1. How would you classify region 6-170 from its alpha-carbon gyration tensor, with a ≥ b ≥ c the square roots of the eigenvalues: rounded for a/c under 1.5, else prolate if a/b is greater than b/c, otherwise oblate?
2. Quick check: from the Cα gyration tensor, does region 1-78 come out rounded (a/c under 1.5), prolate or oblate?
3. Would you please name the trypsin sites (Lys or Arg not before Pro) within region 19-98 that are DSSP coil residues with at most 14 other C-beta atoms within 10 Å of their C-beta?
4. Just to confirm my numbers, what's the Cα centroid distance between region 83-137 and region 18-63 in Å?
5. For region 54-131, rounded, prolate or oblate, judged on the Cα gyration tensor with a ≥ b ≥ c (square roots of eigenvalues), a/c < 1.5 rounded, else prolate if a/b > b/c?
6. Please tell me the relative contact order of the chain in percent, rounded to the nearest whole number, where contacts are Cα pairs under 8 Å and at least six residues apart.
7. Measuring from a point 7 Å past the Cα of ASN20 along Cα-to-C-beta, which residues in region 93-130 have an amide N at less than 14 Å?
8. Amide H neighbours of LEU96 under 5 Å, counting only residues 5+ apart in sequence or on other chains, H built in-plane at 1.01 Å?
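Coordinate-derived values only; no laboratory data. Since the structure is predicted, the reported quantities are computational estimates derived from the model, not experimental observations. All Cβ positions, glycine included, derive from the backbone under ideal geometry; neighbour counts span all protein chains shown.
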Amino acid sequence: MQKDFKIKGKVWLITDNNNNLINDIDTDMIFHNRYLAITDINEMGKYTFDNLEEWKDFAQKAEKGDIVITGKNFGSGSSRQQAVDCFRSLGIQAILSESFGAIYKRNAINSGLPILEIKKINLNKLHQRELIEIDLQDGSTSSEFLEIEPFSKVQMEIYQSGNLFYYGEFV
């Protein structure tokens with residue numbers, strides 16, 4: 001399965017009341033433990049950010065192909081896979097953050113969900129629901145107000161394969 005290394009989508013800037021990207025969004029805020037009995041990935045999406053104040057309605061507003069942008073330490077906390085799968089369920093194309101929790105980062109990469117680290121962002125110029133294009137290979141974006149780190153070679157190979165399971169079949 002060969003995927004395009006360029007993606008295009010509208011951004012969700014996950015900000016607080018002061019228009020700052022929210023830091024330290026843990027896996028319980030992404031997908032609360034009260035929903036852990038849900039095993040159908042198709043059902044997980046509707047609970048995304050259900051435990052994050054001011055973003056509880058995110059799942060109802062998100063559209064397939066959207067790109068999520070957050071502050072530092074996204075996905076810290078437990079290793080629950082549902083915190084990755086809920087975004088996949090919604091059709092979110094990528095998550096951009098200033099940094100990721102280590103386990104979350106590994107889970108997302110292994111699942112084939114593009115996550116990229118932000119090098120520079122200007123929130124005064126980048127707007128909610130703005131359409132941007134990202135090149136996963138070189139980290140370039142269509143916005144002069146956003147710079148990201150490109151995929152590593154292995155991350156690109158896992159993404160191109162679909163996930164770590166399929167990647168392992170070809171290595």
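1. Here region 6-170 falls in the oblate category.
2. The shape class here is oblate.
3. Here the sparse-neighbourhood loop sites are LYS56, LYS64.
4. Measuring centre to centre over Cα atoms gives 14 Å.
5. Oblate is the answer for region 54-131, as a/c is 1.5 or above yet b/c matches or exceeds a/b.
6. 25 percent.
7. Hits in region 93-130 for ASN20 at 14 Å: 123.
8. When sequence neighbours closer than 5 places are left aside, the close amide H contacts are VAL68, ILE69, THR70, LEU116.
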